Amino acid sequence: MIKAQNHDNARGGMWILASGLAYSLGMALVKLLGDDYSAPTQNFVRQSIGLIVLVPFILHNPRSAFTIRRPKLMMARCAATSLSIILAYNSFHLLGLAEANALSFTRALFLVPLAAVMLAERVDRHKLLATLVGFGGVLIILAPGSARSLIGWPAAQGLLSALLLSWSVVTVKTMVRDHSDLALLSWSALMGVVFTAPFAWASWRMPQIGDAALMGVMGILGVISQACYIRGMALGEASLMAPLDYVRILFTTALGYVMFAQLPLPGTYAGSALIILAAIYVTLHGRRRDAALMMAAQHSRGISVLPAGSREVPDER
């Protein structure tokens, strides 16, 4: 018999909330520095700091860090992730924090068609309907035809960023079978620096001391956000932890008002609610289906199984 995993949802939830706060603070700094430093420059600094943080782990186990089974797919994934971050930074700089954050949530919706195409996952009518409702929320936020319409390149960058990130996540789901977590993280950070460097050089401006410190903080917040997210998922039940991540819409709204005197546009509240509800449904529905399939398979082999929490693929934000 496989015993159920012990969960600490209270502590796990606190880690997830800490992850959301760190992410929101980092994006607020992206917006603050965006007038003076390009998105590639900021991403280059972020990736460089992430690589520095990983150096001790790489030196401890270099074979695990650099063993690569499918180099072409790894390079494509790293390039997509780097471009996704640059587009996201531009979106957060040019849009309100709440609006850009809401559009970033669509990555869970893009996962549905991508997983169907790349992983041959079945899309039932409930998941399809939830996905369509979520994209209906995007239309409410964009408000096409209104005086406050967000239709344009800034919003398009946010959606394209979410699409690329979703593709990267689906790719990770196939690569975890023959790559270590350390290899995925190490190659992502290393190639992120390589891919971003030419664009950062083309728009490079030597940061002043204060700005350099803020960029450093931004990079550290990115690492903290990732680490807190992974820790929260390890401690708590995934089905309860994942929805908590959407609380960062409150953090970005508050930071937008305090730092930039911005309040969300009227349609942002309703649109965000639809996107978040649809994303939660898609996430939980998929986990329930996977758990049911696993238990059925185990039962067919005569094995008694108790629910035991699934391994989460780190969210690349």
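Summary table below
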read-out: Output for the range 11-40, where each listed residue is touching a Ser or Thr at 6+ places or on another chain (Cβ under 6 Å) and under 15 Å from VAL217 (Cα atoms); value: SER19, ALA22, TYR23, SER24
read-out: Residue in the range 129-138 that is in a loop (DSSP other than H, G, I, E, B), in contact (Cβ under 8 Å) with a residue 40 or more places away in the chain and surrounded by fewer than 21 Cβ atoms within 10 Å (Cβ to Cβ) present; value: no
read-out: Flag if ARG248 is farther than 30 Å from ARG63 by Cβ, in a loop (DSSP other than H, G, I, E, B) and not hydroxyl-bearing (Ser, Thr, Tyr); value: no
read-out: In the range 132-155, the residues that are small (Gly, Ala, Ser) and farther than 18 Å from PRO113 by Cβ; value: ALA143, GLY145, SER146, ALA147, SER149, GLY152, ALA155
read-out: Test result for LYS31, out of contact with any Cys (no Cβ under 9 Å at 6 or more places or on another chain) and under 25 Å from LEU244 (Cα atoms); value: yes
read-out: Where a residue in the range 175-199 is more than 15 Å from GLY219 (Cβ to Cβ) and its partner, wherever it lies, is among the β-branched types (Val, Ile, Thr), with Cβ under 6 Å and at least six apart; value: ALA183/THR67; SER186/ILE58
read-out: From the options ALA156, ALA120, residue that is assigned to a helix (DSSP H, G or I) and either surrounded by 15 or more Cβ atoms within 10 Å (Cβ to Cβ) or at pLDDT below 90 (or both); value: ALA156
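The values are calculated or read from the model by the stated rules, or taken from the named source; none is laboratory data. Predicted model, so just to flag it, every value in this text is computed and none were measured. Every residue, glycine as well, gets a Cβ built from its backbone with ideal geometry; the counts of neighbours run over all protein chains shown.
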